[in-house]
Number of protein chains: 2
Amino acid sequence: MTRSVPHGQTRHQVHHGARSVADHAAAVRDLLSGMAAADRIETLPLSAALGRGLALSIDAPVSLPPFANSQMDGYAVRSGDLPGDGADLRIMLPVPAGSTPRPLEPGTAAPIMTGAMIPAGADAVVPIEKAVPDHFLASGDGRAVTLPATAHGTYVRAAGSDIAAGEQALAAGTCLGPAQLGLLAALGIPEVPVYRAVTVLLVTTGDEVVEPGRPLPAGKIYDSNGTLLEAAMKQAGLTVRRSGISTDNPAELTALLRAQCQGADLIVTTGGVSKGAYEVVRQAMADQPVEFLHVAMQPGGPQGMGTFDGVPFLGFPGNPVSCLVSFEMFLRPALSALLGAPAARLPLRARLDLSGLAQPLTSPAPKHQVRRGSLQPDGTVRLEGGESSHLMHALAGSNVLVHVPAGVTELASGDEVEVWML
Amino acid sequence: MTRSVPHGQTRHQVHHGARSVADHAAAVRDLLSGMAAADRIETLPLSAALGRGLALSIDAPVSLPPFANSQMDGYAVRSGDLPGDGADLRIMLPVPAGSTPRPLEPGTAAPIMTGAMIPAGADAVVPIEKAVPDHFLASGDGRAVTLPATAHGTYVRAAGSDIAAGEQALAAGTCLGPAQLGLLAALGIPEVPVYRAVTVLLVTTGDEVVEPGRPLPAGKIYDSNGTLLEAAMKQAGLTVRRSGISTDNPAELTALLRAQCQGADLIVTTGGVSKGAYEVVRQAMADQPVEFLHVAMQPGGPQGMGTFDGVPFLGFPGNPVSCLVSFEMFLRPALSALLGAPAARLPLRARLDLSGLAQPLTSPAPKHQVRRGSLQPDGTVRLEGGESSHLMHALAGSNVLVHVPAGVTELASGDEVEVWML
């Protein structure tokens with residue numbers, strides 16, 4: 001697919017063939033590789049690390065469980081004392097969780113609570129409901145309990161059965177969710193090395209764009225890109241700085257970027273990257289090492305990337321769906337790969353359900369098309385809206401992105417597609 | 001499944017049959033129904049509303065798009081001027097996005113940019129790459145362009161084609177993610193009525209439990225429940241207040257709850273709800289309208305619920321996996337149903353892959369078993385760890401909960417199961 005050089009844009013490097021999605025994703029990852037530099041590692045308490053990427057792998061300093069303990073409320077026993085039909089055993093002092101019990105004498109049973117340490121000598125637990133009587137005695141010490149035959153190891157959680165001291169607990173690059181933070185806490189680790197959050201300067205552009213809440217003159221539209229991308233970025237753990245909306249005057253955009261990019265790790269603009277006659281981002285980047293190119297993707301084909309005054313820069317197209325698709329296809333995967341956070345989208349397979357639609361799903365052969373859909377519990381996915389990139393209402397009714405790879409031109413009901421859950 | 005009344009707990013109402021998962025979920029929803037009271041609705045700017053539940057449905061105050069506009073950079077034309085082999089048309093002044101163009105005279109073409117208003121009289125857009133010449137002329141006014149035959153409506157986004165003014169844009173109870181907030185912005189709506197965030201007082205209990213970072217005496221374990229649940233709750237949009245760890249002294253727990261529950265909408269404790277001899281939460285709730293019961297679920301069977309000094313209370317069991325399962329099965333769905341946020345887990349179907357495991361998946365017939373697993377891109381799910389509720393490391397390697405409904409006792413490789421993505 002060859003594109004002509006847009007008028008007035010000859011100073012820029014322009015690709016005469018479209019770049020593949022994979023190649024552009026790799027280029028964005030390269031552009032952002034500095035985010036994973038060693039000097040961007042910080043140590044945070046667990047309560048502040050939710051959603052961050054683990055910068056260094058962590059080995060277990062202790063075993064889990066740290067000691068053999070009971071999986072049930074019941075009686076700790078020596079299994080050899082309970083052959084055949086079981087036996088009556090003399091009841092010893094109870095073992096609460098948190099205590100260090102005395103060794104268990106042969107022929108005795110110790111009341112033991114869930115999580116409590118198995119006494120030396122004991123090798124099994126009989127749950128209280130299998131004992132006669134089937135409840136703990138208020139003052140049981142010295143009385144007898146009738147217990148059934150019980151195999152060695154029954155209801156005993158062996159020390160290290162979840163993880164042994166010295167094993168790797170979490171690999172570098174793990175996204176820290178509740179379970180991963182909970183594991184670190186269980187291991188007694190109170191703080192964790194993570195990558196610093198990425199600060200983004202987010203700039204929407206366009207003479208036609210008006211802030212929500214203001215009156216809407218004829219020919220204008222409200223800015224949805226700013227709200228949409230800010231929310232997607234915050235959800236992904238980025239720190240977002242919003243500029244006001246830039247006009248289509250390149251000098252104004254340049255001044256705005258220069259005034260606000262201090263301390264930002266990344267600049268993201270929307271709009272002004274295409275091949276029209278008024279492409280403010282292209283014009284403002286004329287003297288910067290920025291390339292504007294076409295990715296073989298629909299929507300989200302026109303893209304800009306490079307640096308502005310040394311700050312990494314991504315120029316997304318101006319339509320809201322194109323913006324979100326650009327974020328999900330390029331920025332989010334790059335951060336996932338480099339920092340471990342946000343978590344990568346899990347690709348799932350789903351069967352297309354086109355019932356109610358007049359025609360099959362079609363896609364231009366050279367492009368990777370990204371449609372929006374709603375994944376149903378039965379594993380089918382319905383398309384929400386058409387291929388056009390302005391359909392915000394349809395996007396708001398979607399829960400997945402539906403991928404139609406380059407080379408696929410038509411899909412029918414029942415065909416399998418890859419979807420990414422949003 | 002009949003359970004005996006634990007010793008010393010006779011003042012409490014205790015269920016002699018286990019409650020079904022569905023019944024307990026409904027009871028928790030009832031307990032929390034006050035969270036959706038009208039006086040808990042607040043109005044937030046879009047940038048502060050991410051992850052909240054929409055309290056009132058919202059109709060579109062304007063159509064999207066607000067006016068017919070171009071889907072491409074190209075020429076706005078009257079399609080009737082381009083029959084058969086096309087025609088040469090005189091080039092008029094260009095139409096940038098954001099402007100209100102003059103009506104298009106017959107026999108002319110107006111350069112138009114993506115998103116710009118279609119001039120009155122025009123009914124189609126010819127993309128620039130189909131024009132001869134295939135780029136915009138620096139001063140094109142009055143010169144001619146050769147354009148191919150073009151059907152009525154081509155590359156025109158009709159006013160209201162995404163949503164028409166007056167239609168419902170978002171239903172009450174919608175969880176506000178990036179796309180939903182983006183839609184509101186596109187509609188010009190700057191703020192939104194949402195339910196107030198729920199504030200939880202989270203209390204972990206147990207003489208055996210030690211804060212991460214402190215030395216670990218013999219017989220003790222580190223507190224992972226607090227970190228795990230705090231993170232899960234924060235991820236779900238709750239405001240979490242952590243108390244210190246309570247000992248197994250009921251008077252101490254009561255004093256701690258009384259000192260810290262002011263302003264909390266909900267108290268959640270972990271541990272001390274089972275049938276052992278030292279159940280601090282049961283004991284501390286002795287004079288409160290709280291019931292302790294057994295849900296037919298594994299893990300997470302023992303549960304407490306009611307109110308403490310009038311504040312809704314949920315008592316989760318003491319093992320970390322049980323805590324997370326309790327949160328995902330009862331608290332999260334109740335908030336989703338009442339407030340629209342957090343979003344409900346989407347149930348998916350997956351085929352079990354038990355390769356590498358010595359035995360099939362087994363589950364006690366009367367119980368709904370919740371296993372942890374990792375969903376693979378090919379639609380299979382592998383179990384992570386066994387059924388035991390202390391396996392934090394296995395949980396940290398999981399991305400789904402695997403449901404084995406009551407009545408199902410054995411599943412083999414290839415069997416289909418319901419999974420919830422974490």
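Under a straight-distance cross-link criterion of Cα-Cα below 15 Å, which aspartates and glutamates are reachable from B:Lys275, leaving out those fewer than 8 residues away in the same chain? Within the straight-line cut-off, B:Lys275 pairs with A:Asp73, A:Glu129, A:Asp134, B:Asp248, B:Glu291. Relative to the compact-globule estimate of 2.2 N^0.38 Å, the Cα radius of gyration of the protein assembly as shown comes out at 1.10. Only the Cβ atoms of Lys and Arg (+1) and of Asp and Glu (-1) were treated as charged; on that basis the dipole of the protein assembly as shown about its Cα centre amounts to roughly 420 debye. How many nm separate the modelled label positions at A:Ala48 and B:Ala48, each set 7 Å beyond the Cα in the direction of the Cβ? Inter-label distance under the simple model: 2.3 nm. Taking θ as phi - 60° and the Karplus parameters 6.51, -1.76 and 1.60, the scalar couplings of the range B:309-325 work out to 6, x, 8, x, 9, 10, x, 8, x, x, 8, x, 5, 4, 4, 5, 5 Hz in sequence order, x denoting glycine and proline. When the pairs A:Lys130/B:Lys234; A:Lys367/B:Lys234; A:Lys367/B:Lys130; A:Lys220/B:Lys130 are compared against a 30 Å limit on Cα-Cα distance, A:Lys130/B:Lys234; A:Lys367/B:Lys234 fall above it.
Ranked from largest, the principal axis spans of the Cα set of the range B:69-157 equal 32, 27, 22 Å. Counting, for every residue in A:155-168, the Cβ atoms of other protein chains within 10 Å of its Cβ and taking the mean gives 2. Neighbouring Cβ atoms from other chains, within 10 Å of the Cβ of residues in A:46-52, number 4 on average. Here the 3J(HN,Hα) profile of the range A:195-201, calculated from phi with Karplus coefficients 6.51, -1.76 and 1.60 at θ = phi - 60°, is 6, 4, 5, 7, 9, 10, 8 Hz, Gly and Pro shown as x.
Rg of the Cα atoms in chain B, relative to 2.2 N^0.38 Å, amounts to 1.40.
Once the Cβ-Cβ distance of B:Arg349 and A:Arg242 is raised to the sixth power relative to R0 = 41 Å, the FRET efficiency obtained is 0.50.
On the beta carbon distance between A:Ser57 and B:Leu137, with R0 = 60 Å, the FRET formula returns roughly 0.50.
Here the label points at B:Arg40 and A:Ala164, each 7 Å from Cα along the C-beta direction, are separated by 4.9 nm in the simple model. Dipole size of chain B about its Cα centre, with +1 on Lys/Arg Cβ and -1 on Asp/Glu Cβ: approximately 720 debye, rounded to the nearest 20. Projecting the Cα atoms of A:Leu253, A:Ala337, A:Phe308 onto the charge dipole of chain A, computed from C-beta unit charges around the Cα centre, puts A:Leu253 farthest toward the positive end. Residues whose amide H comes within less than 5 Å of that of A:Ser413, counting only those at least five positions distant or on another chain, are A:Leu354 (H built at 1.01 Å from N in the peptide plane). Across the identical copies, the 7 Å label point of A:Asp85, projected outward along Cα→Cβ, sits 10.9 nm from its counterparts, in ascending order.
Among the residues of B:256-265, the average count of other protein chain beta-carbon atoms within 10 Å of the residue beta-carbon is 0. Rounded to the nearest 500, the 222 nm mean residue ellipticity of chain B from helices alone is -4500 deg cm²/dmol, with -39,500 (n - 2.57) taken per DSSP H run of at least 4 residues. For B:Thr239, the residues whose amide H sits under 5 Å from its own are B:Val198, B:Thr199, B:Val200, ignoring neighbours fewer than 5 places away on the same chain, with H placed 1.01 Å from N. A:Ala251 label point (Cα plus 7 Å toward Cβ) to equivalent points in the other copies: 7.9 nm, shortest first. In this entry, the range A:150-226 is assigned a mean projected area of 11.1 nm², taken as a quarter of its C-alpha convex hull surface. Largest GNM mean-square fluctuation across B:Pro333, B:Pro377, B:Pro347, computed for chain B with C-alpha springs under 10 Å, falls on B:Pro377. Given springs between every Cα pair under 10 Å in a Gaussian network model of chain A, which of A:Asp123, A:Asp223, A:Asp207 has the largest fluctuation? Most flexible of the set in this elastic network: A:Asp123.
Convex hull volume of the Cα atoms of the range B:272-330, normalised per residue: 75 Å³. Put a dot 7 Å past the Cα of B:Glu416, heading toward its Cβ, do the same for A:Arg214, and the two dots end up 5.3 nm apart.
Inter-copy label distances at B:Ile41, shortest first and taken from points set 7 Å along Cα to Cβ: 5.1 nm. Magnitude of the charge dipole for the range A:69-157, about its Cα centre and with charges confined to Cβ atoms of Lys, Arg (+1) and Asp, Glu (-1), is about 200 debye. The phi torsions of the range B:203-216, fed into the Karplus equation with coefficients 6.51, -1.76 and 1.60 and a -60° offset, translate into couplings of 10, 9, 10, x, 4, 8, 9, 10, 5, x, x, 8, x, 10 Hz, rounded to whole numbers, with Gly and Pro shown as x.
Which of the three applies to the range B:347-421, rounded, prolate or oblate, going by the alpha-carbon gyration tensor with a ≥ b ≥ c and a/c under 1.5 meaning rounded? It is rounded, given that a/c, with a ≥ b ≥ c, falls under 1.5.
Bear in mind these aren't lab numbers, they're just calculated from the coordinates by the rules spelled out. Note that the coordinates shown come from a computational prediction; the quantities given were computed from them, not determined experimentally. Glycine gets a Cβ as well: all are built from the backbone with ideal geometry, and neighbour counts include every protein chain shown.
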